[in-house]
Amino acid sequence: MADSTRTSGAPRTPKKDSGVLVIGLGRFGSAIAATLDRLGQDVLAVERSPELVAQWAGRIALVEADAVNPEALEQLGAREFPVAVVGVGSYLEASVLITGNLVDIGVPQIWAKAVSAEHARILQRIGAHHVVLPEADAGARVAHLVSGKLLDYIEVEDGFTVVKMRPPKETQGFTLAQSKVRERYGVTVIGVKSPGLDFQYAAPETRISQNDIIIVSGHADLLERFAARP
């Protein structure tokens, strides 16, 4: 049987038993692979397009292969990776087939990109552990940022959210114990960044100033109400 994969030049050979397999080097997949590599994480990218392979060769560990073919995944040792990311989203059939192949070989954690709610439901039903809708998630995040005083917004799960924001006037000049943010608004200030100082974890005696940036966690609805305070 002919070998259906081809390895391109790469900075280092990833450790499969602790690395991340990234399939598809479009904007989403390449951003993940490049960031993981920069952070020192072992990563192996898989791409079927010769043009993209040529573009990324020598920058990250990379294999030219068509992951729709289960034999190709077997040849590159996909079952040995604890985490796999399916960055193929625009081609629904390929996305579903690749995700199904990873499920079949028992990859413990599968992250898959979806381009619609329907696509996401299909990926979840066939066994993807985490489904990401980059455009929808980004759109929701930006909506929160442009609608109020929030500087950053990260929804973790089931409505639990962490935001970066300017402090409402009623908290300025007071310690957290004095302003009773948690008792009044049901959210928790978990950190404070004052100008010229390092970030510090919040404590009851932490005093909030006008120019501070605060990190607050809680349910999204409660955080929106707190951020709407003057």
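The values are calculated or read from the model by the stated rules, or taken from the named source; none is laboratory data. Everything numeric here is computed off the predicted structure, so don't read it as measured data. Positions of Cβ are generated from backbone atoms using ideal geometry, with glycine treated the same way; all protein chains shown enter the neighbour counts. The accessibility values were calculated without ligands, DNA or RNA, using every heavy atom of the protein model including side chains. Shrake-Rupley method; radii C 1.70, N 1.55, O 1.52, S 1.80 Å.
Things to note:
- Which numbered condition I110 misses (of (1) without any contact (Cβ under 8 Å) to a residue 60 or more places away in the chain; (2) of a type in the set (V, I, T); (3) over 21 Å from E157 (Cβ atoms)): (3)
- Those helices (runs of 4 or more DSSP H) of region 43-125 in which 3 or more residues are of a type in the set (A, V, I, L, M, F, W, C), in the same structural domain as V22 (by the TED database) and farther than 18 Å from A31 by Cα occupy 92-104.
- L123, sole failed condition from (1) closer than 30 Å to V107 by Cα; (2) in contact with a His (Cβ under 8 Å, 6 or more places away or on another chain): (2)
- Taken over region 50-71, residues that are more than 19 Å from R38 (Cα to Cα), crowded, with 19+ Cβ neighbours inside 10 Å and touching a residue at least 40 places away in the same chain (Cβ under 8 Å) amount to 3.
- Enumeration of residues in region 157-173 that are within 13 Å of I213 (Cα to Cα) and exposed (fewer than 13 other Cβ atoms within 10 Å of the Cβ): K169
- Single condition Y91 does not satisfy, out of (1) under 22 Å from the mean Cα position of the chain (by Cα); (2) modelled with pLDDT of 95 or more: (2)
- Tabulated pairs, region 72-87, first closer than 21 Å to A34 by Cα, second of a type in the set (S, T, Y) and open to solvent by 10 Å² or more (accessible area, probe 1.4 Å), C-beta under 8 angstrom, 6+ apart or interchain: L76/T5; P82/S18; G87/S30
- Exactly one residue among P70, P82 is more than 13 Å from G127 (Cα to Cα) and in contact with a Pro (Cβ under 7 Å, 6 or more places away or on another chain), and that residue is P82.
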